[in-house]
Amino acid sequence: MQQVSTDPNKGPAEAEVLIFFSVVQTTGSVILILIIRRFRKRFLTLVTVSINSALLLLFSAYIVAMKNNYIESMQWVPLTIIGGIYLSGGCGAACIPWMLIGEMFPNKSRGIATGICAGMAYLLLFVLTKSYLTVEMVLSIEYTMLLFGCIGIFGLIYFYKYLPETENKTLLEIEEFFASNLKGRK
C-alpha cells in the first residue's frame with residue numbers, strides 16, 4: 001500500500017491532488033444543479049467555456065513565463081488554475097451536454113440518437129485521453145494548453161452562434177426550432 005507523505009516541506013501527493021480535483025469538479029456539478037434554472041443552460045455554457053478557455057490560456061502563459069525565468073515557480077498557481085478549470089468544467093462543460101442530448105432530438109428517434117451521441121462522446125473522450133501524452137510530448141505542456149485554450153475559444157464561438165436556449169421550453173418547441181432551422185438551411 002502506498003503511503004501518503006505528511007512532510008510539510010514536500011508537495012501534495014498525487015492521490016491527494018486527484019481527490020481534491022474530483023471534489024472540486026463535483027462541487028461544480030452541485031453548483032450547476034443549484035443555479036441552472038436561474039441562469040439557464042446556454043448562458044452557463046458560454047460562461048464556463050469562456051472561463052475554461054481563459055484559464056487554459058493563463059496556464060500556458062504561466063508555464064512560458066516560468067520556463068523563461070520571468071517569474072518564480074509557485075506551487076499554488078498551477079493548482080489554483082487547474083482547480084478553476086475543474087470547477088468551471090463541473091459547472092458547465094462536463095454536465096450540460098448530457099442534459100442537452102435528451103432535448104435535441106425528435107421524439108421518434110430520441111432513443112437511438114442519444115445512444116449514438118453518448119457512444120461518440122465516450123469514444124472521443126477515450127481518444128483524447130489516449131492521445132494527450134503524445135500531444136504533450138510533441139507540443140510541450142505550454143503549447144498543449146494553448147491548443148486546448150484555442151479549441152475552447154473556437155467552441156465558444158460555435159456555441160454562441162448555434163446553441164439554442166432550451167431551458168423552460170417543451171420538447172416540442174425545441175424540436176420545432178431545429179426543424180425550422182433545418183428547413184431554412186436547405
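The values are calculated or read from the model by the stated rules, or taken from the named source; none is laboratory data. Note that the structure is predicted; figures quoted are calculated from it, not measured. FYI the Cβ positions are ideal-geometry reconstructions off the backbone, even for glycines, and counts take in every protein chain you see. The accessibility values were calculated without ligands, DNA or RNA, using every heavy atom of the protein model including side chains. Shrake-Rupley method; radii C 1.70, N 1.55, O 1.52, S 1.80 Å.
For the chain, give the magnitude of the charge dipole about the Cα centre (Cβ charges: +1 Lys/Arg, -1 Asp/Glu; no others), in debye to the nearest 20.
On the way: 15 positive and 12 negative charges, 171 e Å.
Its charge dipole is roughly 820 debye.
Among G89, G115, G102, which one shows the highest mean-square fluctuation when the chain is modelled as a Gaussian network with alpha-carbon springs under 10 Å?
So, out of G89, G115, G102, the one fluctuating most is G115.
Mind checking the per residue accessible area of the range 94-186 for me, 1.4 Å probe, whole number of Å²?
Working: 6620 Å² over 93 residues.
With all protein chains present, the range 94-186 gives 71 Å² per residue.
Once phi is turned into ³J(HN,Hα) by the Karplus curve 6.51 cos²θ - 1.76 cosθ + 1.60 with θ = phi - 60°, what whole-Hz value does each residue of the range 47-57 show in order, with x for glycine and proline?
So the J values, rounded to whole Hz, are 5, 6, 5, 4, 5, 4, 4, 4, 5, 5, 5.
Per-residue accessible area for Y143 at 1.4 Å probe radius, Å² rounded to 10?
Its heavy atoms expose roughly 110 Å² to the probe.
Cut-off 10 angstrom, C-alpha nodes, Gaussian network model of the chain. Which of K108, K67, K41 fluctuates the most?
Maximum fluctuation in the GNM of the chain, among the listed residues, is at K108.
For an R0 of 22 angstrom, estimate the FRET efficiency from the Cβ-Cβ distance between R38 and N107 and round to the nearest 0.05. Intermediate values should be presented prior to the final figure.
On the way: r = 28 Å, r/R0 = 1.27.
After rounding to 0.05, the efficiency reads 0.20.
On the accessible surface of the range 1-156, probed at 1.4 Å, how many percent belong to carbon and sulfur atoms?
Values: 7140 of 10170 Å².
That share works out to 70 percent.
Could you rank I36, I71 by how accessible they are, 1.4 Å probe, largest area first? Write down the numbers at each step before the final one.
On the way: I36 20, I71 65 Å².
So the residues, ranked largest to smallest area, are I71, I36.
Want the number for E165 to I151: 0.36 nm per residue separation, take away the alpha-carbon distance, what's left? Numbers along the way, then the final one.
On the way: separation 14, 0.36 × 14 = 5.04 nm, distance 2.22 nm.
That pair, E165 and I151, stretches by 2.8 nm at full extension.
So what's the projected area for the chain, the Cα convex hull averaged over all directions, in nm²? Write down the numbers at each step before the final one.
Numbers: hull surface 57.6 nm².
So the Cα hull casts an average projection of 14.4 nm².
Compute, for L79, the solvent-accessible surface of its heavy atoms (probe 1.4 Å) with the complete set of protein chains present, and express it in square angstrom to the nearest 10.
Spelled out: L79, probe radius 1.4 Å, area about 60 Å².
Give, in nm to one decimal, the length gained when the segment between L128 and F178 is fully stretched (0.36 nm per residue of separation minus the Cα-Cα distance). Could the numbers behind the result be given before it?
Values: separation 50, 0.36 × 50 = 18.00 nm, distance 2.92 nm.
15.1 nm is the gain from fully extending L128 to F178.
Please list W76, W98 in order of solvent-accessible area, largest first, computed with a 1.4 Å probe with all protein chains present. Numbers along the way, then the final one.
Details: W76 155, W98 105 Å².
So, going from the largest accessible area down, we get W76, W98.
Could you state how much accessible area L32 has, in square angstrom rounded to the nearest 10, with a 1.4 Å probe and all protein chains kept in place?
Accessible area of L32: about 0 Å².
Compute a Gaussian network model of the chain, connecting alpha carbons closer than 10 Å, and tell me which residue from F39, F105, F126 fluctuates the most.
The residue that fluctuates most here is F126.
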